[in-house]
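Asker: Have a look at this one before I ask anything.
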Amino acid sequence: MRDISLKNGLTAIIREANPEDAPQILRYIEQVSGESEFLSFGPGEFETTVEREREFIESTQNKDNALIILVEFNSEIIGMLNFSGGTRTRTSHRGEFGISVAKKYWELGIATAMLEYLIKWAREHKIAKIDLMVREDNERAIKLYEKFGFKHEGRISRYFKLDRKFYGVIYMGLEL
Ligand SMILES: CC(C)(COP(=O)(O)OP(=O)(O)OC[C@H]1O[C@@H](n2cnc3c(N)ncnc32)[C@H](O)[C@@H]1OP(=O)(O)O)[C@@H](O)C(=O)NCCC(=O)NCCS
């Protein structure tokens, strides 16, 4: 756990998730799912229970190649990053992550702080590759990943469908 200074001068906390965070994490996910169309789920679609979320956090803690990062402000979760490594020997050296920040706190450097944390942790845990998928019109997120040296690796057309419109996604990756 450590403090991070936000661009608005306030201080938040960055730390890894514990099983006791499960109820608050679910509330946070429900909140952000209604704030952005760039996530792969909408409101009410992230179907899990507090108990299953607790188990997921516990199993993440027990793995060498998985990590859940939280950012907290005033005891409230305002940012989350979830990295999962491959489950088999041939793919356990790499993994994918998803990231979100509560809209009220965008552009304060919170995603940057979580990515710095992830990359440092990944190096320490001998992760050789970090992958991600992003909607191709999500300029804000793509800029963020490029800032850290993620390269564009490929495109899948029609991956998302929202309001009868298709959107392609880009795969991006960072070799460590
Ligand atoms: C994408 C997201 C995680 C960024 O979080 P954030 O905390 O606002 O990001 P930061 O403040 O750390 O900004 C990081 C970088 O994003 C880029 N960025 C920020 N605002 C931008 C804007 N309006 N236009 C273009 N790029 C922008 C910049 O490169 C910025 O780095 P810099 O400030 O050093 O120049 C956040 O907007 C979010 O949760 N969006 C909805 C969910 C989502 O899209 N998740 C990613 C799915 S792949």
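Asker: How would you classify the stretch 91-155 from its alpha-carbon gyration tensor, with a ≥ b ≥ c the square roots of the eigenvalues: rounded for a/c under 1.5, else prolate if a/b is greater than b/c, otherwise oblate?
Answerer: oblate
Asker: Show log10 I(q)/I(0) for the chain at q = 0.09, 0.11, 0.17 Å⁻¹, two decimals, from a solvent-free Debye sum over equal Cα scatterers.
Answerer: -0.31, -0.47, -1.21
Asker: Counting other beta carbons within 10 Å of each residue's own, what order do Leu162, Leu108, Leu39 fall into, fewest first?
Answerer: Fewest to most other Cβ atoms nearby, the residues stand as Leu162, Leu39, Leu108.
Asker: Oh, and also: If I stretch the segment between Glu30 and Glu136 completely, what's the gain in nm (0.36 nm per residue apart, minus their alpha carbon distance), one decimal?
Answerer: Contour length minus Cα-Cα distance gives 35.8 nm.
Asker: Alpha carbon centre of the stretch 15-29 versus the stretch 122-176: separation in Å?
Answerer: 24 Å
Asker: Helix-only mean residue ellipticity at 222 nm, the chain, DSSP H runs n ≥ 4 weighted -39,500 (n - 2.57), per residue, nearest 500. What is it?
Answerer: -8500 deg cm²/dmol
Asker: A further question on this structure: With a 10 Å cut-off between alpha carbons and a GNM built on the chain, which of Asp163, Asp21, Asp64 moves the most?
Answerer: Asp163
Asker: Kindly provide the pair-distance distribution of the stretch 13-87 built from C-alpha pairs, with 10 Å bins from 0 and whole-percent values in order of increasing distance.
Answerer: 19, 51, 29, 1
Any read-out appearing in this document is the output of simple, stated calculations on the displayed coordinates, not a laboratory observation. Since the model is a prediction, treat every value here as computed from it, not as a measurement. Ideal geometry is used to build each Cβ from the backbone, glycine not excepted, and the neighbour counts take in all protein chains shown.
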